[in-house]
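Please treat every number below as a calculation from the coordinates, not as lab data. None of the values given here were measured: they were computed from a predicted structure. Using ideal geometry, Cβ is built from the backbone for each residue, glycine included, and neighbour counts are taken over all protein chains shown.
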Amino acid sequence: MHIEFSVNGERREVDLPPMTRLLDALREHLDLTGAKEGCGEGECGACSVILDGEVVCSCLVPVVQVAGASVRTVEGLARAGELDSIQASFLKHGAAQCGICTPGFLVAARDLLDRNPHPTPDQARDALAGNLCRCTGYQAIVDAVVHAEAVRE
Amino acid sequence: MKNIGIGVPRGDGVAKVTGKAIYVDDLHPDGCWHGATVRASCAHARIVKIERDPAFDWTDVVIVTARDIPGENVIALITDDQPCLADGVVRHVEEAVALVAAPERERALDAARHVRITYEPLPVLIDPEQSIGSPIRIYGENNVFKQITIRRGDPPTVGRVVRGVYHVGHQEQLYLEPQGMIASARTDAGLTLIGSLQCPYYVLKALKRLLGHDRVNVVQATTGGGFGGKEDYPSMIAAHAALLCLKAGRPVKMIYRRDEDIRATTKRHPARVSIESLVAPDGRLLSWKADILMDGGAYNTLSPVVISRGLLHATGPYACPHVELSGAVVATHSPPNGAFRGFGAPQTLFAAERHMDRIARELGRSPLEIRRLNLYRDGDVTVTGQTLYDVGGAAVLEEALAAAEAPLPAVAAQPGEGGASWRSGRGLALAFHGCGFTGNGEAWLKGKAALELRDSKLHILTGATEIGQGAETIFTQIVAEELGISLDRVEVARHDTAEVPDSGPTVASRTTMVVGAVVQETARRMRAALQAETGSTSRDFDTLLAARTVDSPLRTDHTYEPDPNLVWDEHRYSGDAYPTFGWSCGIVDLDVDEDTGVVRYRRFVSATDVGRAINPVLAIGQLEGGALQALGWATLEEVVRDDVGRVRSDRVTTYIIPTSVDSPQMVTRLVEIPYAGGPFGAKGIGEIPMDGPAAAVAAAIEEALGVVLDRLPMTPERVVAEMNVALSERSF
């Protein structure tokens, strides 16, 4: 099936069976390997992307469902070689360790910050509850999100 | 110092936050096929035959069995008991019997389901308590992988007896990146393995035996967490990928699905620890006897070393004149257990800390007072006769207590929380952890590293891997500091066994302290080499560079030199068990619902003696991440198994690790009591955060509900069950 959609602001097209996972379409057909597979059943959030303004697990989304839609992945966060504030904040606060969950956290955090640029620690924890991290204990991630705008300023 | 004690951003950070870091599953070699594993369905059985389902289309599918192994059918580690593929008999339900590869992953998985194996069942032994002396033989004469006894001092004649029995369950590492490996052919008819792993030289050693030649190299891809789970298991998946690659004549990638990863790979050893102590009326320890039993599973893997480290930490961080420790790790028909952060110590330290609480309870004293009284101090002697120096026990205790004075954060209650049935509690636990390999381990390992000057840049060559902990950043900081140059002039070479020396495995809280010291020495030698080459006596690196008349690369090597004052007798288990110890104190505040047993963490305060924090941001990251793994083990993480040892909680929905809302606010204090043998005084810190928190949680629940919990995990069901037991006892 021929499917067209926008990825990180660019028009992309794929010819794939309609039930192909969006995750596989991105990773194997569009060369965007930033989103990762941690569990394959929508629990860990490592494959998170922003689909028309909403954070989704791309392992649960059939590619047919994104026809005409707009997808944003971790590769689309930095603009013109300049890190997004949440990426810079993750570096500053040590919020990435092994890094496998990081792309998912970054898009979930970007989505939160777009709606609420100054979240409280509890709001950050709530917004990131769909993403699992086994390395950090989350405090560094919460700090990175809460202080992301300060990094920009 | 310009580069030490500073939280410089991690060197691999930009790649990781932009999605550009390349993990094994991000690689797609041309013509690559996908591998899958056919696993046993019985815990113990004779293999009668292996057949292909005639109804399945086997076009474009290769199958590998034990007969296809060119060298020895063994995953070489400490002993050679574990085969790469079962040959004739299976000894646990997840044992690999055959392998398949096909052009697509789904097709490979489908083909694996169509390999038919006929078994003749044999008697099964799952309960470790029944293992020693069982007529069902799994390993050696008596099913014991390793038994160790250590004694010190004379038994006292008086004292109050306090007895307790403590249990801990399995724990799954649950690195977020599943195990994965790619095997591909080299032009010299050898193989290259690239994968997610901690110890490239372990894989290399195993592959040489399997292949029967040494034309093989192992490359680490960016690795998405390990925590011990990628210490020895990658040798297995690498062996499987290698065999499929040889048979298929093309690259083969194996990536485990999460359920397979949880079922088949190693776990923390479950343990039973029985402690009998004698105490003086004031609470001072007079005698400490501990008996430890661990379940090793069907093969030896790393179990002897796990029981050893468990035993060496079984007194907790407390001085006692008479100690008798005995421990055994035994065989069962279960998937083998292996390395997980802490490596035996979290099991015995949970028991030791709960036992200190029991002593306090039985004597009517405060747990804090009992700990202060008995805590190790400089000059105290351990069970192995090691005199302790650089002891941070009292310092971390007081630091943590001071930090816990701050008011608790108001935590937003989740739905159903905070009602009249919720109770608050605080618990404290201490831990110590031996840094580096035990005894003569480091002397035997001879960890190596090298530094190469090329194009005005310094390249660190080491087999010690970056697995998220920040090792590469730490190494660059050490070299930059030693030579007085900026960080951007130091790089870490790719971890390819064809190019980097064997620094020993990336385990045992040794990478910064031991390999870091080797790296530091290569930098010192680099300066000396430049001085010798140029005839200059300058210590300034750029002056020396400018004085060079040649532009050829310059390389310095070094091998770890253990402190000659450290003496260890392997046979008597006496002497200096570790070069030094790290020390930690954790204080947890939690709320628990007495109706449901649900625990909600509010804050976790810790203070840890890290010797010297090379990079405080990375150090705190290790300490907080390790602490949360312990808090998860305490209340959420339960490996549920059926009666043949198959893991039933094999999904992220059924094996629950903490999310951001399950986790407490973390307050992490670093205490620095330097160890002279570590770079700039650094001690190892990778494992110690795993050691104490679970016992602190048990103490906090006890304070909140008055119920004594001596078994992990303390799931809501178990908390309620123990409350019901306590209630029924009270009513009699």
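Peptides B:186-193, B:409-416: what's the order by average Cβ count within 10 Å, highest mean first?
Highest-to-lowest ranking by the protection proxy: B:186-193, B:409-416.
So how long is each side of the range B:103-189 along the principal axes, counting just the alpha-carbon atoms, biggest first, in Å?
72, 36, 31
Cβ neighbours within 10 Å, averaged per peptide: list B:118-128, B:258-268 in order, most packed at the top.
Ranked by mean Cβ neighbours within 10 Å, highest first: B:258-268, B:118-128.
Starting from the amide H of B:Arg641, placed 1.01 Å from N in the peptide plane, find each other amide H under 5 Å away whose residue is 5 or more places distant or on another chain.
B:Arg648
Roughly how crowded by other chains is peptide B:24-37, in terms of the mean Cβ count from those chains within 10 Å of each of its Cβ atoms?
Taking all residues of B:24-37 together, the mean is 1.
Translational diffusion coefficient, Stokes-Einstein: compute it for the protein assembly as shown using the Kirkwood radius over C-alpha pairs as Rh, at 37 °C and 0.692 mPa s, and state it as an integer in µm² s⁻¹.
The Stokes-Einstein estimate is 117 µm²/s.
Could you give me the radius of gyration and the Dmax of the range B:608-732, taking only the C-alpha atoms into account and expressing both in angstrom?
Calculated on Cα positions, Rg and Dmax stand at 18.4, 61 Å.
Under the Karplus relation 6.51 cos²θ - 1.76 cosθ + 1.60, θ = phi - 60°, what is the ordered set of whole-Hz ³J(HN,Hα) values for the range B:133-139, x standing for Gly and Pro?
Working through the residues one at a time gives x, 5, x, 7, 8, 10, 9 Hz.
Give me the inter-chain shielding for B:621-627: mean count of other chain Cβ atoms within 10 Å, whole number please.
Mean partner shielding for this stretch: 5.
Hand me the trypsin sites (Lys or Arg not before Pro) from the range B:1-87 located in a DSSP loop with no more than 14 other Cβ atoms within 10 Å, in residue order please.
B:Lys2
Counting each DSSP H run of 4 or more residues in the protein assembly as shown as -39500 (n - 2.57), what helix-only mean residue ellipticity at 222 nm follows after dividing by all residues, to the nearest 500 deg cm²/dmol?
-8000 deg cm²/dmol
Return the long-range amide H neighbours of B:Val216 (sequence gap of 5 or more, or a different chain), with a cut-off of under 5 Å between placed amide H atoms.
Placed amide hydrogens put B:Leu191 under 5 Å from B:Val216.
Please report how far the C-alpha centroid of the range B:7-72 lies from that of the range B:238-308, rounded to the nearest whole angstrom.
22 Å
Mind checking which aspartates and glutamates have their C-alpha under 16 Å from B:Lys146, skipping anything on the same chain fewer than 8 residues away?
Candidates past the 8-residue exclusion: B:Asp80, B:Asp81, B:Glu129, B:Asp291, B:Asp295, B:Glu570.
Over the whole of B:218-226, what's the average partner chain Cβ count within 10 Å per residue? Rounded to a whole number, please.
3
Tell me which lysines have Cα within less than 19 Å of B:Lys205's Cα, excluding those fewer than 8 residues away on the same chain?
Correct list for B:Lys205: B:Lys230, B:Lys446, B:Lys448.
Going down the list B:Lys49/B:Lys247; B:Lys20/B:Lys267; A:Lys36/B:Lys683, which pairs span over 22 Å between their C-alpha atoms?
B:Lys20/B:Lys267; A:Lys36/B:Lys683
Cα-based Rg of the range B:344-383 per 2.2 N^0.38 Å, rounded to two decimals?
Output field value: 1.27.
B:Val550 label point, 7 Å along Cα→Cβ, cut-off 14 Å on backbone N: hits in the range B:489-532?
Answer for the range B:489-532: B:529-532.
Can you give me the span-like helices of chain B, meaning DSSP H runs with 20 Å or more of Cα extent along the axis and Kyte-Doolittle mean at or above 0.5?
Flagged H segments are B:233-248, B:616-635.
With a sphere of radius 15 Å drawn around the Cβ of B:Lys289, what net charge do the other residues whose Cβ falls strictly inside it have (Lys, Arg +1; Asp, Glu -1)?
Around B:Lys289, the surrounding residues sum to +2.
Starting from the Kirkwood Rh over alpha-carbon pairs, what translational D in µm² s⁻¹ does chain A have by Stokes-Einstein at 37 °C and 0.692 mPa s?
Estimated diffusion coefficient is 212 µm²/s.
Going by average Cβ density within 10 Å per residue, which order do the peptides A:79-86, B:657-664 take, highest to lowest?
Ranked from most to least packed, the peptides come out as B:657-664, A:79-86.
If the viscosity is 0.692 mPa s and the temperature 37 °C, what translational diffusion coefficient in µm²/s does Stokes-Einstein give for chain B when Rh comes from Kirkwood over Cα pairs?
Taking Rh from Cα pairs, D becomes 123 µm²/s.
Can you list residues whose amide H is under 5 Å from B:Ala449's amide H, if they're 5+ apart or on another chain and H is modeled 1.01 Å from N?
Under 5 Å from the amide H of B:Ala449 lie the amide H atoms of B:His558, each far enough along the sequence or on another chain.
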